[in-house]
Amino acid sequence: MHIGVLGAGIVGFNTALRIQQEFPNVQVTLIADKFEEDTTSYGAAGIFRPGTNFLGPTPSITENWIKDSYNFYNEILQSEEAHKAGIFEISGYILASEHSFLTRNHFLEKLLPIYRKVSDEELTLCVGDWKYGSYFTTMKIESEDFLPWARTKFEVGGGKVLCKKIETFNDLGKFKLSAPFDVVFNCTGFGSKWLCNDTRLVPVRGQVFKVKAPWVKMFFYGDYDTYIIPGRRSVTLGGCRQLDSYNMTVSTHDSAAIWERCTSILPTLHKAEILKEWVGLRPHRDTVRCEIETFHIENRSVKIIHQYGHGGYGVTTSPGTAKYSVELFIESLRRSTGCGLTFTPLDSSTSSCGAKVSKL
Amino acid sequence: MVKIAVVGGGIIGLSSACCLKRKYPKIEITLISEKFSPNTTGDGSAGVLMPYLLQDTPKDLVERWSKGTLDFFLSLWKTPEGGEVGISLIPVSIVTSNDEVPPYGVFGLHELTPTALQRFNIPTLRKGYSFTSFTCEPMKLLPYFLQEFTLAGGNVEERKVMNLESLGDNFDIVVNCTGLGAREVVSDESVIPIRGQVLRVEAPSVFQLIMCADADGRYIIPNQESVVLGGTHQENDWNTKSTQEDTDFITSGCFRMLPSLKDAVVLSNWVGLRPGRPTVRLEAEIIKSTKQKTFTIIHNYGHGGSGVTLCWGCALNVAELVENYMLENSKLNVKSLIQNL
């Protein structure tokens, strides 16, 4: 069996690793035309924080995605690999001057070691008339380190990486591969808008500064769309969420607004050195598409497993969606081989779906 | 016109000098010190705002001085200069195998759950606290204070002071911030060195302060350009050279609490001699100078491992004592005026 993964962003590599974990002896090839700094994942701050609006097929599946992702990253965090994988613990505040619901997060409140209301004194830590706030401790997963780390792990595990551009799924039949693909995981993010002609995929444009401000050791979220998130190499200042905007150029108006909003919360940022500005288009979809489709490529029946539309939560949720997608594949294998094994429903909270299939 | 001298250019001396200059901009203040940043005791420290090694100093004083310092750093933190000055807001976890009480005046104090305690890999731990507090690196704060002081018209003299009586000939008030030097300068043998060794490593993905408050506890303190791993607190130890034994002690303990530190590149190894004393000495003393002139000493030394933690609160206290002196003096002046009428 030859398994393909399309896309070299966080979703692609988390999926590739998950496949190797479930099928250690199967050949896996990852194909993409954009890598590392050319991916959407690269510019993201990478904080583990699902938006309250994030949605999968059902609320229960959504919760499991997030829990599975958290456990995946947390295991690496507790190990010596954490630093190499770009994963570390980080704490900070969400502050709101008008609406207390903005400081709540039903996903994280159940999951994180600390997620609590702030004290009155804590409201004085930032400039502004803050009425509500939450403090929490979460993780940051920096793609700048995680993607290369994942790639190395993938290649050491026997995976191959190819740099190629695909316009249609039929193009997959035109490459010279060791063997034709039997199944392909489509993790192309925004690319699926054209690859799958998916009109439900909408860009949500985001712009950020990356600055040098080594005294910032905590994150801050404030009214509205304002965030300050420190990282290994720089502090990310953001942001904006512009629906249906394809503008990949830095907007000076957005820059000015973001700068003003961030420096008003944390005046010390006035002395920060601006390293660069960056624009990314979040691959937003009302729900993440996680489903199997059968294609015919060069007279062969190939399963395509779609896994795209994570919006601004690719880093946060991709280990969970990867696990789910691979389980979808395993379930479909069982059905097609007619093994007659019982399987656990996919939206349960168990961590595996029963008997594994390997060595095909 | 009153003339004030501040002896000692470390964290205590500089904060006292600045505080006095802010309160009395027109008074002539001279800062005299043998050493300045980066060669003071505080310079190598991480600058945590947490009372440490204060022995029997009365709790209410420690709380008062800590609060004064915390308020000072909080207001600086909310100005553009805050980061440059060395201040950082940081999440802290303190864990203990005993019944340590959490420090005063921190933000968002909470007890750690037993699950959270397990993550530190120290089986004897019984209690832990999480809160937000500040660090302020003396390496950045001291130059800031010195610049403020000189721009405001303060005088600076770089020389060693052997005794305060000679200074009393030329100054009305001498603020004694000599730290460990007080052993010689005012013959106070109760001041002893408490040796502290620390390593600085490159670990830019450490965003939390972890401290084990046990007697053999180690700590991990992120600063702006490095992470400080510590430490030791050896009383009466004058050795200013780092030892391999202490390095191993520090690294093994820190790696246990945070395994991903193992890869960190070591940048430096440093030893500081903290000015330990049974209590902080902060009081006024009236004595005669070499030429038999009466003058006032305001002692402000013996802060153990809490120089940064208490600096501004103590400086405010010194300023109060100076104010008392001014009031007393003006009373005396009025009295003598009336007598001479």
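The values are calculated or read from the model by the stated rules, or taken from the named source; none is laboratory data. Please read these numbers as outputs of a predicted model, since none were measured by experiment. Here the Cβ positions follow ideal geometry from the backbone for every residue, glycine too, while neighbour counts run over all protein chains shown. In case anyone asks, the SASA skips ligands and DNA or RNA and just uses the protein heavy atoms, side chains included. Shrake-Rupley method; radii C 1.70, N 1.55, O 1.52, S 1.80 Å.
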Seminar exercise, completed: Scalar couplings 3J(HN,Hα) for the range A:209-217 by Karplus 6.51 cos²θ - 1.76 cosθ + 1.60 (θ = phi - 60°), nearest whole Hz, x for Gly and Pro, are 9, 10, 10, 9, 8, x, 7, 8, 10
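Would you list B:Met326, B:Met162 from the most to the least accessible area, probe 1.4 Å?
Of B:Met326, B:Met162, the descending order of accessible area is B:Met162, B:Met326.
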Seminar exercise, completed: XL table A:Lys140/A:Lys164; A:Lys212/B:Lys140; A:Lys34/A:Lys165; B:Lys35/B:Lys140; Cα-Cα > 19 Å flagged, in table order, is A:Lys140/A:Lys164
Problem set entry | In sequence order, calculated HN-Hα J values of the range B:225-232 (Karplus, 6.51, -1.76, 1.60; Hz; x Gly/Pro) | 10, 7, 10, 8, 10, x, x, 10
Exercise. In vacuo Debye scattering of chain A, one point per C-alpha: log10 I(q)/I(0) at q = 0.06, 0.10, 0.14 Å⁻¹?
Worked result: -0.23, -0.62, -1.17
Problem set entry | Alpha carbon centroid spacing (whole Å) that separates the range B:162-202 from the range A:272-327 | 64 Å
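Given only helices, namely DSSP H runs of n ≥ 4 each adding -39500 (n - 2.57), what is the per-residue ellipticity at 222 nm of chain B, to the nearest 500 deg cm²/dmol? Don't skip to the answer; put the middle values down first.
Working: 8 runs with 107 residues, N = 341.
About -10000 deg cm²/dmol.
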For this session: Calculate I(q)/I(0) for chain B by the Debye formula, one identical point scatterer on each C-alpha and no solvent, and give its log10 at q = 0.10, 0.11 Å⁻¹ to two decimals.
Result: -0.60, -0.71
Seminar exercise, completed: Counting only DSSP beta bridges fully inside the protein assembly as shown, the antiparallel percentage to nearest 5 is 70 percent
Problem set entry | Probe 1.4 Å, accessible area per residue of the range A:158-307, Å² | 45 Å²
For this session: Identify all aspartates and glutamates with a Cα-Cα distance to B:Lys160 below 18 Å; exclude those on the same chain that are fewer than 8 residues away in sequence.
Result: B:Glu34, B:Asp169, B:Glu184, B:Asp188
For this session: Just list whichever of A:Lys193/A:Lys276; A:Lys67/B:Lys127; B:Lys293/B:Lys331; B:Lys288/B:Lys331 have alpha carbons separated by over 23 Å in the model shown.
Result: A:Lys193/A:Lys276; A:Lys67/B:Lys127
Seminar exercise, completed: For chain A, the longest principal axis of the Cα atoms and the Cα long axis of helix A:59-77 enclose an angle in degrees, to the nearest 10, of 80 degrees
Seminar exercise, completed: Relative to chain A, whose Cα atoms define the longest principal axis, helix A:314-337 and its Cα axis are tilted in degrees, nearest 10, by 20 degrees
For this session: Using the Karplus curve 6.51 cos²θ - 1.76 cosθ + 1.60 with θ = phi - 60°, work out ³J(HN,Hα) for each residue of the range B:64-69 in order, rounded to whole Hz, and write x for Gly and Pro.
Result: 5, 5, 5, 5, x, 6
Problem set entry | 17 Å Cα-Cα reach of B:Lys241 towards aspartates and glutamates, excluding residues that sit fewer than 8 places from it in its own chain | B:Asp43
Exercise. When the distances between all Cα atoms of the protein assembly as shown are binned every 10 Å from zero, what whole-number percent does each bin get?
Worked result: 3, 14, 22, 20, 16, 11, 7, 4, 2, 1, 0, 0
Exercise. Mind checking the alpha-carbon convex hull of the range A:214-341 and giving the volume per residue in Å³?
Worked result: 175 Å³
For this session: May I ask you to list the lysines whose Cα is less than 18 Å away from that of B:Lys26, ignoring any residue fewer than eight positions away on the same chain?
Result: B:Lys3
Seminar exercise, completed: Expressed as a whole number, the average count of other chain Cβ atoms within 10 Å around the Cβ atoms of B:80-90 is 6
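Just want to confirm a number: the relative contact order over the range B:17-137, from Cα pairs under 8 angstrom separated by 6+ residues, in percent.
Averaging sequence separation for qualifying contacts and normalising by length gives 30 percent for the range B:17-137.
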For this session: Over the whole of B:197-206, what's the average partner chain Cβ count within 10 Å per residue? Rounded to a whole number, please.
Result: 3
For this session: Would you check the accessible area of A:Thr249, probe 1.4 Å, heavy atoms only, in square angstrom rounded to 10?
Result: 90 Å²
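Give me the accessible area buried between chains B and A, both sides summed, with a 1.4 Å probe, in Å² rounded to the nearest 100.
3100 Å²
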Exercise. What does the average come to when, for each residue of peptide A:118-126, you count the partner chain Cβ atoms lying within 10 Å of its Cβ?
Worked result: 4
Exercise. Could you give the accessible area per residue of the range B:132-253, probe 1.4 Å, as a whole number in Å²?
Worked result: 40 Å²
For this session: Output the relative contact order of chain B, whole-number percent, from Cα pairs under 8 angstrom with separation of 6+ residues.
Result: 27 percent
Seminar exercise, completed: Put A:Lys164, A:Lys210 in order of accessible area, largest first, probe 1.4 Å, and you get A:Lys164, A:Lys210
Exercise. Given a 1.4 Å probe and every protein chain left where it sits, what share in percent of the accessible area of the protein assembly as shown is carbon and sulfur?
Worked result: 52 percent
Problem set entry | Residues along the range B:249-275 losing 40 Å² or more of accessible surface when the other protein chains are present rather than the chain by itself (probe 1.4 Å) | B:Pro259, B:Ser260, B:Asp263
Seminar exercise, completed: Between the Cα axis of helix A:10-22 and the main Cα principal axis of chain A, the angle (0 to 90°, nearest 10) is 50 degrees
Seminar exercise, completed: Quick numbers on the range A:204-267, Rg and Dmax over C-alpha atoms in Å, give 11.7, 36
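Could you work out the relative contact order of chain A? I mean the mean sequence separation of Cα pairs under 8 Å and 6+ apart, divided by the number of residues, in percent.
Relative contact order for chain A comes out at 25 percent.
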